[in-house]
Amino acid sequence: MSYPITEGSSTVTGSIESSIERSQGRDVQESADLVREKVSGNSVEEPLEELEDILIEVKNLKKYFPIKGGVFGREVGSVKAVDGVSFRIKRGETLGLVGESGCGKTTLGRLLLNLIPPTSGELYFDVPKEVLSRIKELEKKDMKSDELKKLKKKHMVYNLSKREMRKLRKEMQIVFQDPYSSLNPRMLVKDIVGEPIDVHKLAKGEERTRMITELLGKVGLNPEHMYRYPHEFSGGQRQRIGIARALALKPKLLVLDEPTSALDVSVQAQILNLLQQLQRENNLTYVFISHHLSVIRHMADRVAVMYLGKIVEIADTEELFDRPMHPYTQALLSAIPVPDPITKRERIILEGDVPSPANPPLGCRFHTRCRYAKEQCGWSADEVIEMLKNKIKDANLKCIKSINAKDKKRVSIVCEGVEITSVCKEIMDICSSAKEVRIRALSLSEPVVEGNKIVLTLPKEIEPELEDIGRGHYVACPYMKGQEKK
């Protein structure tokens, strides 16, 4: 499949792979500048006229979990579980969240419900169109205005008091992944499903019983089931009980945290069909978290792909599955089995392990595993040292005594017994002719000689941001700029 690819002022046609290979430092920087002009933060901007249908708006949301160490338990670092994500969810829509384990999907789901406090960021839930429009207008004019502060204090979820948050709890609920541990084994079903009704004092006596019976009927359970304990049910029936409990307060939003992953395939289909039916009947909005890409395609209207705490791509479901643009999304979708023994799909095998969210890579967080990675993607000194040592060893440069990281972006090479200028030239020739991108990155800057040391500097990294590439398709990769389906 070919795409029109913009190079400078001319347009040529080629594959994604060949177009990326032709990208050089100047083209990369121009693409990055275009991204920064259009997008601020890992965000998605939508026309103001569409604000009327927005149920949730998230702006630059972050959640860092502290790492403590030492005798006094001081904070020595942080795990960046969610790191600056922004998006909107329309009323009645299903947004699918996909990504590898540990990428921040569940943490993001809990942040949406304010079950855990954020490190920073904003969350608006069911705010009138006029208010959202006014907030956006004031943010462009004056971030310090009193009116903006008042609006945010009144409408931003994280600024609500405990009493106000308790009222809002009726509007947002969660269905947990494990139907076995999410139900209290000592409570009867009528008490499990009726607990939200009791907490919010919605009904008592016969009215409470009628509401519980109605809720159980909605999820396909019989009235007599309310007098049983959770252990007397199958996994699918337990998940139905969890769904009934979540629906008890007639919420507008349901966060579904892998609701079918612990169930058999046949039971999964029943639960998914039930969720779709309930959504149609009650105009529910879903945030559907899952590893199962086929389930996401079946359930979601839009899909957001997460990697190491950031959203790297977001698009309508069919658009994303038909035209994945981010290299990580392409790798994920290549793992979906094709139900045809004749058809073959290229399997993209990602090299290396997922980096630690406590110490994520500079620049693009995916560059350490990306087959399209370029010199400006964010290589650090620690990522290039071992490979550079092997290159120096292969070149038989015995005058090199040590190679160390001077800081995150600089590599220090200590020489002895030779003219350092000639050695410097040899090292730069090794770097510029290397096949590996991370080694070639060292040749983009002029080396600095400090006594018997040669200091090589890696180029400044590009911070990829979500950019609209057409048809509501957003991707956080500057190398995808200008590529549209032919």
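Indicate the gyration tensor shape class of region 198-262 (rounded, prolate or oblate), computed on the Cα atoms with a ≥ b ≥ c the square roots of the eigenvalues: a/c under 1.5 is rounded; otherwise a/b larger than b/c is prolate and the rest oblate.
Details: a/c = 2.22, a/b = 1.23, b/c = 1.80.
Oblate is the answer for region 198-262, as a/c is 1.5 or above yet b/c matches or exceeds a/b.
How many percent of DSSP beta bridges within the chain run antiparallel, rounded to 5? Mind showing how you got there, number by number?
Numbers: 47 of 65 bridges.
Antiparallel bridges make up about 70 percent of those DSSP assigns within the chain.
Report the convex hull volume per residue for region 240-297, counting only C-alpha atoms, in Å³.
Numbers: hull volume 4.6 nm³, N = 58.
Residue-normalised Cα hull volume stands at 80 Å³.
Please report, in debye to the nearest 20, how large the charge dipole of region 358-486 is about its Cα centre when each Lys and Arg carries +1 at its beta carbon and each Asp and Glu carries -1 there.
Numbers: 23 positive and 19 negative charges, 78 e Å.
Charge dipole of region 358-486: 380 debye, to the nearest 20.
Straight-line reach from residue 68: which lysines have a Cα under 21 Å away, not including same-chain ones fewer than 8 places off?
Qualifying lysines at Cα under 21 Å: 80.
Taking 18 Å as the cut-off for C-alpha to C-alpha distance, list the pairs among 162/190; 90/144; 167/201; 63/153 that go past it.
On the way: 162/190 27 Å; 90/144 29 Å; 167/201 12 Å; 63/153 20 Å.
162/190; 90/144; 63/153, as the Cα separations exceed 18 Å there.
Sorted from largest to smallest, which semi-axis lengths in Å does the alpha carbon gyration tensor of region 330-486 give for its equivalent ellipsoid, taking the root of 5 times each eigenvalue?
Working: eigenvalues 276, 64, 39 Å².
Largest first, region 330-486 gives 37, 18, 14 Å.
What angle, in degrees between 0 and 90 and rounded to the nearest 10, separates the Cα long axis of helix 420-433 from the longest principal axis of the Cα atoms of the chain?
The answer is roughly 50 degrees.
Just for the Cα atoms in region 366-457, what are the lengths along the principal axes, largest first, rounded to whole Å?
Answer, in whole Å and largest first: 40, 24, 19 Å.
Calculate the dipole size of region 80-134 relative to its Cα centre from +1 charges on Lys and Arg beta carbons and -1 charges on Asp and Glu beta carbons; express the result in debye to the nearest 20. Don't jump to the answer; show the numbers that get you there.
Working: 8 positive and 6 negative charges, 20 e Å.
Rounded to the nearest 20 debye, it is 100 debye.
Can you bin region 341-399 into rounded, prolate or oblate? Criterion: square roots of the alpha carbon gyration tensor eigenvalues sorted a ≥ b ≥ c, rounded for a/c under 1.5, prolate for a/b above b/c, oblate for the rest.
Details: a/c = 2.80, a/b = 1.53, b/c = 1.83.
Oblate is the answer for region 341-399, as a/c is 1.5 or above yet b/c matches or exceeds a/b.
Roughly to the nearest percent, how much of the accessible area of the chain is carbon and sulfur, given a 1.4 Å probe? List each step's numbers first, then the result.
On the way: 11760 of 24100 Å².
Result for the chain: 49 percent of the exposed heavy-atom area is carbon or sulfur.
What shape does region 57-144 take by its C-alpha gyration tensor, where a ≥ b ≥ c are the square roots of the eigenvalues and a/c under 1.5 counts as rounded, a/b above b/c as prolate, and the rest as oblate? Could the numbers behind the result be given before it?
Details: a/c = 2.95, a/b = 1.56, b/c = 1.89.
Judged from the Cα gyration tensor, region 57-144 comes out oblate (a/c at least 1.5, b/c at or above a/b).
In nm, to one decimal, how far is the modelled label at residue 348 from the one at residue 398, with both set 7 Å along Cα→Cβ?
4.6
Gap in Å between the Cα centre of region 406-423 and the Cα centre of region 223-269?
Distance between centres, Cα-based: 63 Å.
With unit charges on the beta carbons (Lys and Arg positive, Asp and Glu negative) and the dipole taken about the Cα centre of region 192-250, which residue among 223, 249, 209 sits farthest to the positive side?
After comparing all options, I get 249.
Among 309, 330, 428, whose Cα projects farthest towards the positive end of the dipole of the chain, with charges put on the beta-carbon of Lys, Arg (+1) and Asp, Glu (-1)?
Going by the Cα projections, it comes out as 309.
Any idea what the alpha-carbon Rg over 2.2 N^0.38 Å comes to for region 218-366? Before the final figure, lay out the partial values.
Values: Rg = 18.6 Å, N = 149, 2.2 N^0.38 = 14.7 Å.
Rg over 2.2 N^0.38 Å, computed on Cα atoms: 1.26.
Take every Cα pair under 8 Å in the chain that's 6+ residues apart, average their separations, divide by the length, and report that relative contact order as a whole percent. Don't jump to the answer; show the numbers that get you there.
Working: 845 pairs, mean separation 87.8, N = 486.
In percent, rounded to a whole number, it is 18.
Let me know the Kirkwood hydrodynamic radius for the chain, please, with Cα pairs as the basis and the value in Å to one decimal. Provide the component values of the computation, followed by the final result.
Values: mean 1/r = 0.0392 Å⁻¹.
Kirkwood hydrodynamic radius for the chain: 25.5 Å.
Nearest 10 degrees, 0 to 90: what angle lies between the long axis of helix 129-141 and the longest principal axis of the chain (Cα atoms)?
So the helix axis and the longest Cα principal axis differ by about 30 degrees.
Just subtract the alpha-carbon distance of residue 202 and residue 265 from 0.36 nm times their residue separation and send over the number in nm, one decimal. Spell out each step's value before the answer.
Values: separation 63, 0.36 × 63 = 22.68 nm, distance 3.64 nm.
Taking residue 202 through residue 265 to full extension adds about 19.0 nm, to one decimal.
For helix 146-155, report the angle its Cα long axis makes with the longest principal axis of the Cα atoms of the chain; keep it between 0 and 90° and round to the nearest 10°.
50
The values are calculated or read from the model by the stated rules, or taken from the named source; none is laboratory data. It should be emphasised that the depicted structure is a prediction, and the values quoted were computed from it without experimental measurement. All Cβ positions, even for glycine, are placed from backbone atoms using ideal geometry, and neighbour counts span all protein chains on display. Protein only, heavy atoms only, side chains kept; ligands, DNA and RNA dropped before computing areas. Shrake-Rupley method; radii C 1.70, N 1.55, O 1.52, S 1.80 Å.
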